[in-house]
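Following: one structure in structure tokens, then a few remarks.
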Amino acid sequence: METETALAALAALSHPTRLDAFRLLVRHEPDGLSTGALVEASGLSQSTFSTHLAVLAKAGLVVSEKRGRQQIQRAGIDTLRALMTFLAKDCCQGRAELCEPLLAELTTCC
């Protein structure tokens, strides 16, 4: 992942509404949620939420697919994985002992 791509993803996640929406989508993988369900969960108007959704999509954190008459939103897991890897590799600088506690926590969280 390039630095600019990581910055775009981090910026997209830096807003509470977008972070909440993304976390909700991650919890609903691999099925995703309809746009309407996301709007309802956010408590915002359709137009306001669509702006937030567009920011997440532009950063690759949300992928939209049409299923029948509904637009289903899914978390961009590949982008999340790339971002997490980018951050861990950069912060650990090849020193595995720095990231071992993080890896241990990730394997016990789910």
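Odds and ends about this structure:
- In the chain, helices alone account for a calculated mean residue ellipticity at 222 nm of -21000 deg cm²/dmol, with every DSSP H run of four or more residues adding -39,500 (n - 2.57).
- Spacing of the modelled spin labels on A37 and E105, each 7 Å from Cα toward Cβ, amounts to 2.9 nm.
- Proximal charge balance of G36 [Cβ under 14 Å; K/R count +1, D/E count -1]: +2
- Once backbone amide H atoms are built at 1.01 Å from N, V62 has A57, G76 as its partners under 5 Å, excluding neighbours fewer than 5 places away on the same chain.
- Summing Lys and Arg as +1 and Asp and Glu as -1 over all other residues whose Cβ lies under 15 Å from the Cβ of S14 gives a net charge of +2.
- Distance distribution note for the stretch 3-109: the fraction of Cα pairs above 16 angstrom is 61%.
- Local net charge near L56, Cβ-Cβ under 13 Å (Lys/Arg +1, Asp/Glu -1): +3
Taken together, the values in this text are just the output of simple stated rules run on the coordinates, not laboratory data. The structure presented is a predicted model; accordingly, all values stated were derived computationally and were not measured. In this analysis, Cβ positions are derived from the backbone assuming ideal geometry, glycine residues included, and neighbour counts consider all displayed protein chains.
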